[in-house]
1. Out of Arg414, Arg326, I need the residue that is in contact with a Cys (Cβ under 6 Å, 6 or more places away or on another chain) and either buried (at least 20 other Cβ atoms within 10 Å of the Cβ) or assigned by TED's automatic domain parsing to the domain that holds Ile134 (or both). Which one?
2. Among the residues of the stretch 424-441, write down those that are farther than 23 Å from His153 by Cα and at pLDDT 90 or above.
3. Under 8 Å between Cβ atoms, which residue pairs at least 6 apart in sequence (or on different chains) link something in the stretch 1-21 that is closer than 11 Å to Ile72 by Cα with a partner that is of a type in the set (Ser, Thr, Tyr) and assigned to a loop (DSSP other than H, G, I, E, B)?
4. Does the stretch 385-397 contain at least one residue that is more than 30 Å from Met46 (Cα to Cα), touching a strand residue (DSSP E or B) at 6+ places or on another chain (Cβ under 6 Å) and aliphatic (A, V, I, L, M)?
5. Name every residue in the stretch 61-73 that is in a loop (DSSP other than H, G, I, E, B) and in contact with a Lys or Arg (Cβ under 9 Å, 6 or more places away or on another chain), in order of residue number.
6. Quick one: Ala120 ticks every box in (1) under 24 Å from Arg386 (Cβ atoms); (2) surrounded by fewer than 24 Cβ atoms within 10 Å (Cβ to Cβ); (3) in contact with a helix residue (DSSP H, G or I) (Cβ under 7 Å, 6 or more places away or on another chain); (4) of a type in the set (A, V, I, L, M, F, W, C) except a single one, so which number is it?
7. Residues that are part of a helix (DSSP H, G or I), surrounded by fewer than 22 Cβ atoms within 10 Å (Cβ to Cβ), within 21 Å of the chain's Cα centre (by Cα) and not assigned by TED's automatic domain parsing to the domain that holds Asp240: does the stretch 128-145 have at least one?
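The values are calculated or read from the model by the stated rules, or taken from the named source; none is laboratory data. Bear in mind the structure is a predicted one, so any value in this text is a computation, not a measurement. Cβ atoms come from the backbone with ideal geometry, glycine included; neighbour counts cover every protein chain shown.
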Amino acid sequence: MIKLKIDHQEVEVPEGSSVWKAAEAAGIHIPALCLHNELDHFTSCMLCLVKDGSGKLFPSCSVKAADHMQIITEDEEIREGRQMALELLLSEHVGDCEAPCQIGCPAHMNIPLMNRLIAAGKWEESLKVVKRDIALPAVLGRICPAPCEGACHRKTVDEPVSICLLKRFVGDENDLHPWPVPPLEGKRVAIIGAGPAGLAAAYYLRLRGVEPHLYDRAPKAGGQLRTAISRDILPEELLDREIRTILATGVTFNGNTTIDDRHFEQLRRNYDALIVATGNIDDTTKAFQLAGTAKGIQVTGEGYETSEAGIFAIGNVLRSSRLAVRSVGQGKEVAFAVLQYFHGGKIIGEPRLFNSRFGKLRPTEFAEYLKESVAGKRRFPADSPRGFTPEEAVEEARRCMHCDCRAADDCKLRDFSTRYAASQKRFQTSPRRDMTKKFQAKGIVYEPGKCIKCGICVRLTEKYREKFGLTFIGRGFDVEIGIPFDESMDVALEKVALIVAEGCPTGALEPIRKAGDPLQ
């Protein structure tokens, strides 16, 4: 056995252990992308950099621990080294973590997952996906100008997927509250304004155990949804139904109540936090004396906190906008910020992960993406006032091309890029490679553009004695992982298809359908 110190902690490990394994034995987790528990180390990603007592940086996976070593696993220089290692990998990474439609949606809804669930006929599950981010799906499905459809990759091929009509279908088809309501946890929030922003804030706070109280000068909740939109477009009974669903979770609505500066001070004293969602700024709102301009109240970044601690502002009171979906999205996001305020943490709003983006599809890539879709242009309801029938919704949802990454929720490259604030563009110097997708009958898909050449798949196919397997092809910067002799994926991975997919640290090798996938 040998003894060394890692982050000032004494560690005893068997002789021959790597520094990385010594740290793991002590419960100190050093990031790495090219390590696999069935394989020997293969120094590739350089993410496991650490520093010895002399200040020298080295990869911890490939250096053996020695007596009396003094190891530091995290400081500013190490962080910068890891960030650079990630940025070099990202410079050649071609793939979207989240689909462009999801990025284009002001509420950041997981549109591809909604589409897959609709295509599978799973209406209730699709509603849960929508209502994680959009509190009023049937309403917004009728009035949203659909910025998501403008970003849809299918638009480049022929016409975008009818996302708004599908969202409307999900809202119309279902009971509009798909989850049990949690018990109250003792915090109370006053929300001034019961338009789309205030309603969404109340809904998502209540789902987190907070007791929300809505105040509005009008007798009924809805704000401009009730006063500025034709009833031919947005029937009143439908608006009432979605609002009732929100209030029924335990949200208290106080109508015919104007909040002036005196009442505002009373609310500050009586509630644990306060949200201003009054719509376009006016003299009453200005009387609250929150820092801002003639155009609206000023807030801090994505946290929506005003110049006064514990007071937040969302919706048109920040700046006038005709996008109700933006207000609804801010209502969801401010719920994160309010809870962060309650817990004494940094107020950042809804957490965001690193997101790889590669831009528009090229004509040479159309066929690759259509492999996971169906042919045909955008479909419209045969009966426009009623919207899609279930059969029409399934047909239109199947046009979605699965642009999001299968590994978006369990990709180590994405997780570490988020942790180290990596930039995808820092070392990009040449045009990107074309996206390709290679499918294997036993259940995996290989997307070479997402490969970081860690060699895990190559070494696993060697270990399990695949006849062809995967291998490194080419030299230097042009090296890539491929199949010898241009064989098919079926021939290359006869034994270990799912094993190599499980071992891949990115979305390059993934099961076509994971356990619980809506299309399984």
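1. Working: Arg326 fails: in contact with a Cys (Cβ under 6 Å, 6 or more places away or on another chain).
So the residue among Arg414, Arg326 that is in contact with a Cys (Cβ under 6 Å, 6 or more places away or on another chain) and either buried (at least 20 other Cβ atoms within 10 Å of the Cβ) or assigned by TED's automatic domain parsing to the domain that holds Ile134 (or both) is Arg414.
2. Filtering the stretch 424-441 for residues farther than 23 Å from His153 by Cα gives 426-427, 429, 440-441.
Within the stretch 424-441, Arg426, Phe427 meet the criteria.
3. Listed pairs, sorted by first residue: Ile6/Thr73; Asp7/Thr73; Val19/Ser60.
4. At the first step, the residues of the stretch 385-397 found to be more than 30 Å from Met46 (Cα to Cα) are 385-397.
After this cut, where a residue has to be touching a strand residue (DSSP E or B) at 6+ places or on another chain (Cβ under 6 Å) as well, the list is none.
Looking through the stretch 385-397, none of the residues is more than 30 Å from Met46 (Cα to Cα), touching a strand residue (DSSP E or B) at 6+ places or on another chain (Cβ under 6 Å) and aliphatic (A, V, I, L, M).
5. Once the filter is applied, which keeps residues that are in a loop (DSSP other than H, G, I, E, B) and in contact with a Lys or Arg (Cβ under 9 Å, 6 or more places away or on another chain), the stretch 61-73 yields Cys61, Ala65, Asp67, His68, Met69, Thr73.
6. With respect to (1) under 24 Å from Arg386 (Cβ atoms); (2) surrounded by fewer than 24 Cβ atoms within 10 Å (Cβ to Cβ); (3) in contact with a helix residue (DSSP H, G or I) (Cβ under 7 Å, 6 or more places away or on another chain); (4) of a type in the set (A, V, I, L, M, F, W, C), Ala120 is out only on (3).
7. For the stretch 128-145, residues part of a helix (DSSP H, G or I), surrounded by fewer than 22 Cβ atoms within 10 Å (Cβ to Cβ), within 21 Å of the chain's Cα centre (by Cα) and not assigned by TED's automatic domain parsing to the domain that holds Asp240: present.
To keep it simple, each residue is scored yes or no on (1) within 20 Å of the chain's Cα centre (by Cα); (2) in a helix (DSSP H, G or I).
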| site | (1), (2) |
| --- | --- |
| Asn316 | no, yes |
| Gly329 | yes, yes |
| Arg357 | yes, no |
| Glu372 | no, no |
| Arg379 | no, no |
